[in-house]
Amino acid sequence: MTRALPGALALALLAGVPLPLTAQSPDTLDEYRAPAERLIDAATSDHFAWRRLAELTDTFGHRLSGSPQLEGAIRWAVAEMTRDGLENVRTEKVMVPKWVRGRESAEIVSPARRDLVMLGLGNSVGTPPEGIEAELLVVRSFAELETKAEHVRGRIVLFNVPFTHYGATYGIRADGPSRAARHGAVAALVRSVAPPGLRLPHTGALVYAEDAPQIPGAAIPTEDADRLQRMANRGSRIVVRLTMEAHFEADVESANVIGELVGREKPDEIVVVGGHLDSWDVGDGASDDGGGCVVTWEALRLMKKLGLRPRRTVRVVLWTNEENGLRGALAYRDAHRAELARHVLMLESDGGVFRPVGFGFTGSAPARQTVQSIARLLRGIGADWIGPVGGGADIEPSMEVGNIPGMSLEVRGDYFHIHHTIADTVDKIDPADMAASAAAVAVMTYVVADLPQRLGE
Ligand SMILES: [Zn+2]
């Protein structure tokens with residue numbers, strides 16, 4: 001064992017990091033140093049990934065399910081994958097919901113008239129054409145809503161819950177409108193699920209509960225939420241008018257985009273990588289999630305370019321309708337149910353393509369030890385961390401049914417300042433960081449797909 005990765009092992013011993021104990025010994029992994037270097041060099045010597053993302057986002061802009069922009073982006077991706085020389089390039093049909101925002105606005109009517117910055121929440125119902133005008137009730141938590149339950153009827157409720165991290169806060173946006181509606185609220189506003197920024201409203205999906213009336217929901221910037229909180233604390237009687245044309249139209253046809261490099265020895269065993277090609281209907285969907293699509297697709301392009309064909313098949317999937325339906329994820333699971341048992345790993349990038357630090361991973365202990373060993377090949381670009389949990393909204397339905405290990409690209413960057421806003425544009429992404437993200441995904445994907453033994457065995 002001392003022959004391979006001596007520096008890394010010495011550091012690991014000093015740091016008390018457990019050593020890999022599986023069949024994928026460091027001796028095995030030492031063979032991957034050369035191809036890993038080639039992949040890293042090819043990814044980082046050029047800003048191809050960033051240029052491709054810029055072409056996608058400059059050309060098509062935002063790509064909400066049901067929009068012609070998304071369908072244009074799907075056709076573009078098929079053409080580009082074909083041009084890259086990927087194999088079995090195809091689309092798989094998915095029927096997706098079509099939610100249309102329409103015109104929308106919010107204003108304070110009393111104590112003095114002024115506009116609120118706002119963005120309706122995805123999947124929201126609209127208001128009557130004249131809007132909904134009602135007194136505002138501000139609460140800081142679901143618990144405070146319950147203590148004030150008898151004051152909710154006929155009001156617009158503002159959930160002013162500060163952002164901690166996304167997992168802990170997005171439920172306010174998703175569930176807040178139904179929680180308020182159960183007590184008789186006529187509409188709901190939510191403080192944007194984001195850190196304080198530059199007065200940007202952040203959209204995102206709400207999820208109506210079956211046992212509550214459907215009331216309109218909208219997000220306001222943290223600044224506007226704080227101002228309304230201050231006014232309420234001073235005892236002001238605040239009246240707000242909310243006007244939204246939001247509605248659903250009939251489902252439309254969309255598709256997941258798929259490309260492959262067929263494995264040279266075990267073509268039936270599959271490593272899936274990807275991101276979601278749809279986005280919210282504001283901004284350009286660059287960080288969420290055009291970047292994730294491009295950096296995972298890069299793994300296949302780079303392998304093809306370098307003549308590296310792994311033992312197993314590598315498949316890139318650009319899912320449709322992650323943001324407001326997950327229909328692409330569910331369609332993939334159902335269409336590929338018979339081969340899910342032969343999925344070796346699924347990797348999604350949906351947290352931005354900023355400076356990569358490694359991967360989150362969910363899987364067996366032996367599989368974890370192997371991916372920790374592989375990650376050492378990424379120490380030179382600082383992407384060697386393996387976190388306790390990996391996954392992604394588009395891969396989790398398949399992971400669950402197929403008991404498949406899951407992985408997520410982990411990065412350090414300003415994702416939640418721009419998430420689901422008009423500011424999600426390609427200029428927020430550093431081309432070198434994006435190239436390093438592509439390198440990290442390419443190395444991890446190549447080695448897992450090429451190991452003599454299946455991951456975890
Ligand atoms: Zn996303």
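The values are calculated or read from the model by the stated rules, or taken from the named source; none is laboratory data. Remember, predicted model here, so these are calculated numbers, not experimental data. Counting neighbours? That spans all protein chains shown, and the Cβs are built from the backbone with ideal geometry, glycine included. For accessibility, only protein heavy atoms count, side chains too; no ligands or nucleic acids. Shrake-Rupley method; radii C 1.70, N 1.55, O 1.52, S 1.80 Å.
General observations
- If you sort 457, 55 by accessible surface, 1.4 Å probe, largest first, the order is 457, 55.
- When shorter helices are ignored and each DSSP H run of at least 4 residues is given -39500 (n - 2.57), the per-residue value for the chain at 222 nm works out to -10500 deg cm²/dmol.
- Taking Cα centre as origin and charging only the Cβ of basic (Lys, Arg, +1) and acidic (Asp, Glu, -1) residues, the dipole magnitude of the stretch 295-377 rounds to 540 debye.
- Between helix 291-306 and the chain: long-axis angle, C-alpha atoms, 0 to 90°, nearest 10: 20
- Low-density loop cleavage sites - GluC sites (Glu not before Pro) in the stretch 130-192, where at most 11 other Cβ are within 10 Å (DSSP): 130
- Annotation: the antiparallel percentage among DSSP beta bridges lying fully within the chain is about 55.
- Solvent-accessible surface of the chain, averaged per residue with a 1.4 angstrom probe and all protein chains in place: 38 square angstrom.
- Each Lys and Arg Cβ is given +1 and each Asp and Glu Cβ -1; about its Cα centre, the stretch 352-457 then shows a dipole of about 380 debye.
- Taking the C-alpha atoms only, the angle from helix 33-44 to the longest principal axis of the chain is near 40 degrees.
- Eligible aspartates and glutamates near residue 428 by straight Cα distance, threshold 19 Å, same-chain separation 8 or greater: 46, 55, 58, 278, 281, 284, 288, 289, 350, 410, 414
- Between 277, 239, 341, the Cα set farthest toward the positive side of the dipole of the stretch 239-371 (charges on each charged residue's Cβ, about the Cα centre) is that of 341.
- Note on the chain: dipole from Cβ charges, positive end direction compared against 353, 85, 95; the farthest Cα belongs to 353.
- For the stretch 96-236, with +1 on Lys and Arg beta carbons and -1 on Asp and Glu, the positive-most of 171, 216, 106 along the dipole: 106
- Cα gyration tensor, the chain - rounded (a/c under 1.5), prolate or oblate: prolate
- For residue 384, the solvent-accessible surface computed with a 1.4 Å probe is close to 50 Å², ligands and nucleic acids excluded.
- Largest to smallest accessible area among 95, 244 [probe 1.4 Å]: 95, 244
- Helix axis angle, 222-233 relative to the chain longest principal axis, alpha carbon, degrees: 40
- Computed with every protein chain present, the accessible area of residue 227 is close to 30 Å² [probe 1.4 Å].
- Spatial separation of Cα centroids for the stretch 110-125 and the stretch 128-156, in angstrom: 14
- Hz values of 3J(HN,Hα) by residue in the stretch 174-184 - Karplus curve (6.51, -1.76, 1.60), Gly and Pro given as x: 5, 9, x, x, 5, 4, 5, 5, 4, 9, x
- For the chain, the relative contact order works out to 21 percent when only alpha carbon pairs closer than 8 Å and six or more residues apart are counted.
- Assigned charges on the beta-carbon of Lys, Arg, Asp, Glu; the chain dipole about Cα centre (debye): 580
- Carbon/sulfur fraction of accessible area - the stretch 77-233, other protein chains in place, 1.4 Å, %: 53
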